[in-house]
Amino acid sequence: MGDVLPALSVPALVLAGGAYAVGASWWRRRHPALPSPYTRQALRLAEEHTLVTAEEILADAYAAFGPLYTAPGSPAPAPAPPVIASPPAPPR
């Protein structure tokens, strides 16, 4: 009778481990982990955020300091040349 407790403790531990595994997998399916900060999507979102922040900084700086660079009586700057979408065809 002295070997009954150790003999029954092994199946009890296996059953407890299985119940824990089932509960953990159930919880993980219903509560997925947050995406890793090292994924491509996270990198793309960080790049977009950086570009938006840089554009805001430049727009604010131009709005604040733009009038300092244009003299009141100076002519307007020449318009930029048109951008050619494709290179011209070579002469024949």
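The values are calculated or read from the model by the stated rules, or taken from the named source; none is laboratory data. Not measured: the values here are computed from a predicted model. Quick reminder, even Gly has a Cβ in these numbers, built from the backbone with ideal geometry, and neighbours come from all protein chains shown.
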Is it fair to say residue 32 is exposed (fewer than 10 other Cβ atoms within 10 Å of the Cβ) and either modelled with pLDDT of 90 or more or over 37 Å from the mean Cα position of the chain (by Cα) (or both)? no
Could you tell me whether the range 13-24 includes any residue that is surrounded by fewer than 10 Cβ atoms within 10 Å (Cβ to Cβ) and among the hydrophobic types (A, V, I, L, M, F, W, C)? no
